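The values are calculated or read from the model by the stated rules, or taken from the named source; none is laboratory data. Please read these numbers as outputs of a predicted model, since none were measured by experiment. Using ideal geometry, Cβ is built from the backbone for each residue, glycine included, and neighbour counts are taken over all protein chains shown. Accessible surface is based on the protein model in full, side chains and every heavy atom, while ligands, DNA and RNA are left aside. Shrake-Rupley method; radii C 1.70, N 1.55, O 1.52, S 1.80 Å.
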Amino acid sequence: MGIGEAFAREFARRGHNLVLVARSRDRLQALGEELRQKNGIDVEVCVEDLSDTESPGRIYEFCRGKKAHVEILVNCAGISCAGDFAEIPHKKLEEIVMVNVMATARLTRMFLSDMVARKQGSIINVASLGGLQGVPGLGLYSATKSFVITLSEALHEEVKGAGVQVIAVCPGFINTGFFKHSGHNAANLRLPISGTDVVVKAAIRGLRHNRIRIFPTLIDNILAFSQRLVTRSVVIRLAGYFAAVKD
Ligand SMILES: NC(=O)c1ccc[n+]([C@@H]2O[C@H](COP(=O)([O-])OP(=O)(O)OC[C@H]3O[C@@H](n4cnc5c(N)ncnc54)[C@H](OP(=O)(O)O)[C@@H]3O)[C@@H](O)[C@H]2O)c1
């Protein structure tokens, strides 16, 4: 769904074969069939729940089994839970960390080794503008996205000599089911909401120019830059104001 589906559509249009991963088998199969028909590419569907510790290993083995040498890994699946940290159900807390942090780290670790050995490959980690600071009402989510940004930055430098790219794309608000899924009333948001294509185009441009962090829109760039001009406490309060988690 959402940004992941937009990446799949764009890479299919460019003639890449795909391995699609998510939990919803029917949606994946329908998308896979459509992209095969339209673009004449191979599409494999791998149904996995990334909150399961073992799922990254199974995804890696699935690709090996299909002899799919992954040239571009897009770590896009991500979840959130809007509201005060003290009220997040414990199970939800673990699920968010497993999907946003552990699955991203494990998948990156597994596919990166092969990319480094082949001296070729790219990893696009979908982070968030929210990862640039703690966002009140989205504390855990913003912390997981900080992890994604920080890990991507370090790896970008570590593997650049090996001909491999690792980038973090940091979108602002994007029009997907994300807000509904995380109990965040999108009508409250105090910044414009962009389409998914903006994220995909920016990420591909970022790969071309070998950027470390990519901010898809002008507003995202202004917000990221302006953090240098005000105090940290203002940055955090503004982030909470823009996200407006509470009605
Ligand atoms: N929308 C925004 O405003 C925004 C802004 C900044 C960053 N982002 C980031 O962009 C990424 C994509 O978000 P989106 O807006 O496209 O959200 P979305 O529409 O809710 O899509 C989330 C995708 O992740 C998959 N997913 C969720 N939990 C999963 C799990 N346990 N195992 C496997 N797949 C799982 C979902 O598929 P299934 O449900 O079928 O598993 C779905 O395809 C996330 O990392 C998010 O943090 C979004």
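Report yes if Ile174 is within 12 Å of the ligand (Cβ to nearest atom), surrounded by fewer than 13 Cβ atoms within 10 Å (Cβ to Cβ), among the hydrophobic types (A, V, I, L, M, F, W, C) and at pLDDT 95 or above, otherwise no.
It is false that Ile174 is within 12 Å of the ligand (Cβ to nearest atom), surrounded by fewer than 13 Cβ atoms within 10 Å (Cβ to Cβ), among the hydrophobic types (A, V, I, L, M, F, W, C) and at pLDDT 95 or above.
With (1) farther than 28 Å from Gly206 by Cα; (2) within 15 Å of the ligand (Cβ to nearest atom); (3) among the charged types (D, E, K, R); (4) open to solvent by 70 Å² or more (accessible area, probe 1.4 Å) as the list, and Arg9 as the residue in question, which single condition is left unmet?
Of everything listed in (1) farther than 28 Å from Gly206 by Cα; (2) within 15 Å of the ligand (Cβ to nearest atom); (3) among the charged types (D, E, K, R); (4) open to solvent by 70 Å² or more (accessible area, probe 1.4 Å), Arg9 misses just condition (1).
Could you list, in sequence order, the residues of region 188-217 that are assigned to a helix (DSSP H, G or I) and within 16 Å of the ligand (Cβ to nearest atom)?
Passing the criteria: Asn188, Thr196, Asp197, Val198, Val199, Val200, Lys201, Ala202, Ala203, Ile204, Gly206.
Considering only residues that are over 17 Å from Asp114 (Cβ atoms) and either polar (S, T, N, Q) or touching a His at 6+ places or on another chain (Cβ under 9 Å) (or both), look in region 18-70 and name the one that is most open to solvent (accessible area, probe 1.4 Å).
Step by step, filter region 18-70, then rank; the result is Gln37.
If you scan region 94-138, which residues turn out to be open to solvent by less than 10 Å² (accessible area, probe 1.4 Å), polar (S, T, N, Q) and away from the ligand (no atom under 11 Å from the Cβ)?
Residue satisfying the conditions is Thr108 alone.
Taking region 188-206 as the search range and keeping residues that are surrounded by fewer than 17 Cβ atoms within 10 Å (Cβ to Cβ) and among the aliphatic types (A, V, I, L, M), which one is farthest from Gly177 (Cα to Cα)?
Ranking the qualifying residues of region 188-206, first place goes to Leu191.
Is it fair to say Val45 is touching a Gly at 6+ places or on another chain (Cβ under 7 Å), at pLDDT 95 or above, within 15 Å of the ligand (Cβ to nearest atom) and among the β-branched types (Val, Ile, Thr)?
Against the criterion (touching a Gly at 6+ places or on another chain (Cβ under 7 Å), at pLDDT 95 or above, within 15 Å of the ligand (Cβ to nearest atom) and among the β-branched types (Val, Ile, Thr)), Val45 qualifies.
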